[in-house]
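The values are calculated or read from the model by the stated rules, or taken from the named source; none is laboratory data. Predicted model only: the values in this text are computed from it and were never measured. Counting neighbours? That spans all protein chains shown, and the Cβs are built from the backbone with ideal geometry, glycine included.
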Amino acid sequence: MNIDDFYRKQFGKIAGIDEAGRGPLAGPVVASAVIIKEHIEGIKDSKVLSPERREELFQEILNRAVVGIGLATPEEIDLYNIFHATRIAMNRALENLAERPDYVIVDGKWLRLSHPGTCVVMGDKKSESIGAASIVAKVVRDRIMRAYSRVFPEYGFDKNKGYPTKDHIEKLKEHGVTWFHRLTFSPVRKYLTLKELEKMLKEGRISERRYEKIKGVIG
């Protein structure tokens with residue numbers, strides 16, 4: 001699966017970058033940048049691995065690679081949109097690397113970062129570095145969502161990870177919207193009232209800037 005050697009020969013030290021959590025209705029988008037130091041057997045696109053295997057590989061990656069992690073919060077997603085928030089998270093992951101790569105390869109297309117690099121379509125299937133980054137991002141985000149399931153147990157974040165499952169939508173209907181949700185996403189806006197938004201502001205759960213942005217969206 002590895003095209004990394006091609007880029008190493010062309011540019012030197014490379015970092016693979018990927019994200020987890022662009023599609024959910026709640027929680028951050030998490031990105032990871034990984035510089036592989038030695039081959040790690042079993043690296044694949046995180047989506048085709050079991051949670052148990054992802055955790056095993058996560059530890060191997062930490063032991064045998066240089067890893068940077070970055071995230072963008074639900075507030076940043078609301079303020080800047082998910083595309084730009086993903087770029088923010090990826091640039092933060094790069095900034096958090098202990099070593100500076102000469103070149104970066106990013107899963108997907110069109111996304112340009114603050115560091116020289118290129119996008120690789122289906123990169124998590126072609127590159128060991130990007131595959132490792134996809135695993136790290138997924139494991140870290142899943143852990144965040146499990147932690148927040150204790151803050152908001154009624155939404156089942158430990159199971160749905162914030163994705164728009166049928167159960168999650170039903171919970172939004174039943175319990176309303178939280179500040180941890182992405183308030184600009186249409187399935188969330190549908191169940192958000194101005195009264196709830198004002199309560200979030202008064203309780204200090206959202207910033208004035210986010211309040212004004214969402215208020216303008218929901219009318």
Contact list, first residue from the range 9-35 and in the same structural domain as residue 81 (by TED's automatic domain parsing) and within 17 Å of residue 105 (Cβ to Cβ), second anywhere and among the hydrophobic types (A, V, I, L, M, F, W, C) and part of a loop (DSSP other than H, G, I, E, B), beta-carbon distance below 7 Å, six or more apart or interchain, is 15/97; 33/97; 35/97
Across the range 28-49, the tally of residues that are under 13 Å from residue 138 (Cα atoms), of a type outside the set (Val, Ile, Thr) and not in a strand (DSSP E or B) stands at 6
Expected output for the range 103-129 (first residue on the phi > 0 side of the Ramachandran plot, partner part of a loop (DSSP other than H, G, I, E, B), Cβ below 8 Å, 6+ apart or cross-chain) is 108/121
Note: among 128, 198, just one is more than 15 Å from residue 74 (Cα to Cα), not polar (S, T, N, Q) and not assigned by TED's automatic domain parsing to the domain that holds residue 31, namely 198
Taking the range 50-80 and keeping residues among the β-branched types (Val, Ile, Thr), part of a helix (DSSP H, G or I) and under 21 Å from residue 163 (Cβ atoms) leaves 77
Note on the range 141-156: residues in contact with a helix residue (DSSP H, G or I) (Cβ under 8 Å, 6 or more places away or on another chain), outside any loop (DSSP other than H, G, I, E, B) and buried (at least 16 other Cβ atoms within 10 Å of the Cβ) are 142, 145, 148, 149, 155
